[in-house]
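The structure appears right after this line, and notes come after that.
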């Protein structure tokens, strides 16, 4: 039977066996000194085409020297957690085959079926990774210690020490522990993850499957990966062998500096296939500092729902490139509302940071201290303007900093029709301009428009009737735009869709 590929956290919990999270590493190394840096040859020297410099590998250093220096600062995180409902021998654990049979009473006493005498179940024991970052503080993943009854760390000399929880940040999957009497364990140094490029050599140290400190190596495969684990995804992807048990372990550059915290893997089977993900130090460092200083993390709040600008949207907006974040909705009484943001605004920059994609905005706002004021450059009606917004603190229960609009289920509708033939749409006038039909294999069909979607805006202009929609589409066609930008209401959720005038 074929197994589905999955992206998941790489922590491990099991009864009777210690499982740990996986780490990332890299296969090749370039020494960072003059002797190891082979000078780039000219195209004439190398025989390469004119104008293209030849790039060669430097001398390969001894990775063992770096590993020997950093390994003592990497620890196993030992976790005791309560048994989960449905665990074998626990509540709900009775196999379905025995329910309603004469064997239910007998096996119910073993599996904890309803009505059977309750009995205490054994705790789950787990093992993952972490690393010292200063003054007894240890960084690991939130999913490693989530619901833990007791946490200990095992040092490289096999000493086991009780650890106290300082704080966690579930949104970035980070946690900080603290131990006393660890002795003179050296703290690791944060590196610059922003300087890491695809192809750069990296290595990781962690405790896969509870085996204790294990070194793996590889390269940076990609930057800025979004694996839909949270609103602040910005993972470093690496190709190092990664397995359960390295969660919370450090990812190192060739200087022995921590540039990431290993957190997740992509795998069809649960084992390593060379695709792992690490939280970059540029994010982890500030989160860890806030947890140590305050016990929690405070983030800024803007109060908008946003979408990425797709190529079709960019054509509809006459943008040269599909960059920015388009505002799908502005939350009432939010900083954005007070600053004058409107639905349809395309956010191009926040403070001094360019917004190329939606996660650039979520991270920029989250990193802004409450009470701070920022200039935000937006595109509105074909013109750029600057809005000044005072960021407030994000609190539990309020809308996220800047959340991605997520379409809900469409509602049914009918009525008289207006045809937009080249787009493949039939519109009905019932409570506004409602899509009554979508032609198969049409531009509208290709971008996912559905019957029941209500068109509320065309090219950043509000439209309340089918006639207004048709007029706005005609205007876009007259301006020789390659696409038209719709905002639709689908089941109460608003989102933007760029519809090209010709099917692909």
Per 10 angstrom bin, beginning at 0 and ending with the bin that holds the maximum distance, the Cα pairs of segment 300-404 fall in percents of 17, 55, 24, 4
Per 10 angstrom bin, beginning at 0 and ending with the bin that holds the maximum distance, the Cα pairs of segment 234-342 fall in percents of 13, 24, 25, 28, 10
Taking every C-alpha to C-alpha distance in segment 417-500 and binning by 10 Å from 0, the per-bin percentages run 20, 61, 18, 0
Checking rank on 313-325, 459-471, with mean other Cβ inside 10 Å and highest first, the result is 313-325, 459-471
Plugging the Cβ-Cβ distance of residue 446 and residue 226 into 1/(1 + (r/R0)^6) at R0 = 30 Å yields, to the nearest 0.05, a FRET efficiency of 0.80
Descending packing, highest mean Cβ count within 10 Å first, for 431-440, 219-228, 67-76 is 67-76, 431-440, 219-228
If R0 = 56 Å, then residue 464 and residue 296, at their Cβ-Cβ distance, give a FRET efficiency to the nearest 0.05 of 0.80
Residue 437 and residue 357 label points (each 7 Å along its Cα→Cβ direction) are spaced in nm at 3.9
Going fewest to most other Cβ atoms within 10 Å around each Cβ, 425, 63 line up as 63, 425
By the mean-Cβ-within-10 Å protection proxy, highest first, 451-458, 376-383, 245-252 rank as 245-252, 451-458, 376-383
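Read-outs: derived from the displayed coordinates by stated rules, not from any lab. Quantities reported herein were computed from a predicted structural model and do not represent experimental measurements. Cβ coordinates were reconstructed from backbone atoms using ideal geometry, including for glycine residues, and neighbour counts include every protein chain displayed.
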